[in-house]
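Engineer: Below is one structure. I have some questions about it.
The values are calculated or read from the model by the stated rules, or taken from the named source; none is laboratory data. No experiment lies behind these values; they were computed from the predicted model shown. All Cβ positions, even for glycine, are placed from backbone atoms using ideal geometry, and neighbour counts span all protein chains on display.
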Amino acid sequence: MTSVLAPHLVASPVAGRRLWQRRSPGWSAGLVGLVAFLVSFAWSWQPSYWGDEAASVMSAERSLPSLFGMLENVDAVHGLYYLFLHGWIDLFGASELATRLPSAIAIGVAAAGTVVLARFFMGSRVAIAGGLVFMIIPRVTYMGSEARSTAIATAIGVWLTVLLVLALRSGNHSPRRQILLWGAYSLLLALGIYVFLFLALLLPVHAVAVLLLNGRHPLWRSLVIWVGASALGLLLAAPMVLAGSAQREQIAFIGRRPLVSVSEAAVMQWFDTIPVAIMAWSLIIVAVITVFLRRPGAQRPAGRPGRAELTIFLAWMLVPSAILLVGTQLVTPMYSLRYLSLCTPAVGIVIAVGVAALANNWLRAAVMVALVAVIVPAYAVQRGDYGKNEGSDWRQAAAIIAARAAPGDGVVFDQSVRPSRLPRLAMHLYPNAFAGLRDVTLTRSYADTTWLWDEVAPLTDVLPTVANLNTVWLLQYSGSADSRKETDVHTLQIQGFRVADTTVVNRTRIIEMTR
């Protein structure tokens, strides 16, 4: 027995080391992905739903004929995600935990892809750090706990870039392998555009990558192949591009918002708070200085990227933002902070390069601890009861209605605010709380329309519906001073009701009116 095992025991340290070296890139990427999933998933169920999530959940809960009818009119760019969520809700339900889970999974996939991508250009430690920084960026932890398609699109964007690098490096491989890689690139590009139209903003970044990573092969050859693969992907995604163009008025609300300044974007686009932004941009500047101001001919530090590689990630950070900002000024309003979520993998990698450029391991560790420390408050706010849309409180308001309203009571919702803050949406997101109540102003349910929301009438037009009611509950958005809210109270008072009680949750005012 000893004679048989001894050679293996002697060889095991060397073999184990070789096995670890061979497996470590995949294992480390998988481990970072798992941790990223857990960070995004943790307490993701705590905040109440908000308006954009209401659009997701309500659209997904429609019947398929109703959903397709709606998509012909609005939100076609989210159609594939709504179809996915339709099946997901059938399997797992429509709770916050269930509907936000796919986004947390997607962040795990994106973090693993970030490590794999960075490993092409830099050492394992820096690549792993890039994945770890990516997963704690406030924009990432937010989209990883939201029932929207942004996290899934970000994961697709990372792995699309991985495919691009693999395809560019496949010149010495068989033609079959090259065809498979470039074909996969085209298909994944098309899929990404169907999930999130603005994923096409990665194409200029990929053009930069093709120019800088060309290597030994003729540049014209690489460009022609990439242009062909990209054109095929765009051709496959043409129905979505055309639908998005036809429904471009859907994002006209962006034009009614105040223009975002560069300084505001520098903070809010990815970092959420000023302390996080200061630390992050400082490390980005350190990365740029150490890479681009390196003396000509100086040896590159082991595991660090060169100028070309860092340029690609900087382009990924900045080019999509510039396109949306310029497009907003010259074409049509299109810039939204959320649209630039797909740049966060590059942000994480560049910050990690900045950390790696610091003088020693103690300083690097201290900076990482400090970065986590300034991020924790933003993370805690995101996971609070009112962590969405600056304080959405529909679940809490619904709980009050469930506890105090009785079957047969009436309910009237404030219609004076923008759709993402309509108190009425609480009834569709938490329907059990409103079971048995009479929706006084409803004229047609959203599921019977080709639009996102219910059709309603002013209270003054439906007064016969309150004639036989003894109690009516008013749910109002407390952050506006629209006169119609007071009109609703006054209208009911004329009908013989009085204000019996008023409760303010966070930004929803609940008024109980009785005869």
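Engineer: Restricting to segment 214-238, name every residue that is surrounded by fewer than 14 Cβ atoms within 10 Å (Cβ to Cβ), at pLDDT below 95 and assigned to a helix (DSSP H, G or I).
Structural biologist: Correct list: Leu219, Trp220, Arg221, Val224.
Engineer: Return only the number of the condition from (1) under 27 Å from Ala357 (Cβ atoms); (2) under 12 Å from the mean Cα position of the chain (by Cα); (3) of a type outside the set (Phe, Trp, Tyr) that Ile152 does not satisfy.
Structural biologist: (1)
Engineer: Mind listing whichever residues of segment 413-453 are among the charged types (D, E, K, R) and closer than 15 Å to Thr508 by Cα? Before the answer, list the steps.
Structural biologist: Going residue by residue through segment 413-453, those that are among the charged types (D, E, K, R) are 414, 418, 421, 424, 438-439, 444, 448.
Selection gives Asp414, Arg418, Arg421, Arg424.
Engineer: Another question about this same structure. Within segment 368-381, track down each residue that is over 18 Å from Leu132 (Cβ atoms) and in contact (Cβ under 8 Å) with a residue 24 or more places away in the chain. Don't jump to the end; show me each part of the working.
Structural biologist: First, the residues of segment 368-381 that are over 18 Å from Leu132 (Cβ atoms): 377, 380-381.
Pro377 - this is the single residue of segment 368-381 that is over 18 Å from Leu132 (Cβ atoms) and in contact (Cβ under 8 Å) with a residue 24 or more places away in the chain.
Engineer: Let me ask something additional. May I ask you to say which residue of Leu437, Leu429 is buried (at least 19 other Cβ atoms within 10 Å of the Cβ), closer than 30 Å to Glu72 by Cα and at pLDDT 95 or above?
Structural biologist: On the way: Leu437 fails: closer than 30 Å to Glu72 by Cα.
Step by step, each of Leu437, Leu429 is checked, and only Leu429 is buried (at least 19 other Cβ atoms within 10 Å of the Cβ), closer than 30 Å to Glu72 by Cα and at pLDDT 95 or above.
The rows are residues; the columns are (1) in a helix (DSSP H, G or I); (2) aliphatic (A, V, I, L, M); (3) crowded, with 18+ Cβ neighbours inside 10 Å.
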| site | (1), (2), (3) |
| --- | --- |
| Ile285 | yes, yes, no |
| Arg294 | no, no, no |
| Ala315 | yes, yes, yes |
| Tyr339 | yes, no, yes |
| Ala346 | yes, yes, yes |
| Val355 | yes, yes, yes |
| Leu358 | no, yes, no |
| Ala365 | yes, yes, no |
| Met368 | yes, yes, yes |
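Engineer: How many of the residues in segment 19-50 are surrounded by 19 or more Cβ atoms within 10 Å (Cβ to Cβ) and modelled with pLDDT of 95 or more? Before you say what the answer is, go through the steps one by one.
Structural biologist: Applying the first criterion (surrounded by 19 or more Cβ atoms within 10 Å (Cβ to Cβ)) to segment 19-50 yields 28-29, 32-33, 36-37, 39-41, 44, 47-50.
Going one step further and asking which of them are modelled with pLDDT of 95 or more, we end up with 29, 32-33, 36-37, 39-41, 44, 47-50.
Matching residues across segment 19-50 total 13.
Engineer: Limited to segment 394-426, what total is found for residues that are surrounded by fewer than 17 Cβ atoms within 10 Å (Cβ to Cβ) and more than 23 Å from Asp52 (Cβ to Cβ)?
Structural biologist: 6
Engineer: Among the residues of segment 42-55, write down those that are in a helix (DSSP H, G or I) and farther than 10 Å from Glu146 by Cα. First the steps, then the outcome.
Structural biologist: Initial filter on segment 42-55 (in a helix (DSSP H, G or I)): 51-55.
Result: Gly51, Ala54, Ala55.
Every residue, every condition in (1) farther than 22 Å from Ser321 by Cβ; (2) in contact (Cβ under 8 Å) with a residue 24 or more places away in the chain, yes or no:
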site: Val195; (1), (2): no, yes
site: Leu199; (1), (2): no, yes
site: Leu223; (1), (2): yes, no
site: Leu234; (1), (2): no, yes
site: Ala243; (1), (2): yes, yes
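Engineer: Would you confirm, using the coordinates I've provided, whether Ser12 is over 21 Å from Ser420 (Cα atoms), hydroxyl-bearing (Ser, Thr, Tyr), modelled with pLDDT under 95 and not assigned by TED's automatic domain parsing to the domain that holds Leu452?
Structural biologist: On the way: over 21 Å from Ser420 (Cα atoms): yes; hydroxyl-bearing (Ser, Thr, Tyr): yes; modelled with pLDDT under 95: yes; not assigned by TED's automatic domain parsing to the domain that holds Leu452: yes.
Yes; evaluated as a whole, the condition is true for this residue.
Engineer: Of all residues in segment 454-475 being free of Cβ contacts under 8 Å to residues at least 40 places away in the same chain and closer than 24 Å to Ser66 by Cα, which is surrounded by the most Cβ atoms within 10 Å (Cβ to Cβ)?
Structural biologist: The extreme case among them is Asp454.
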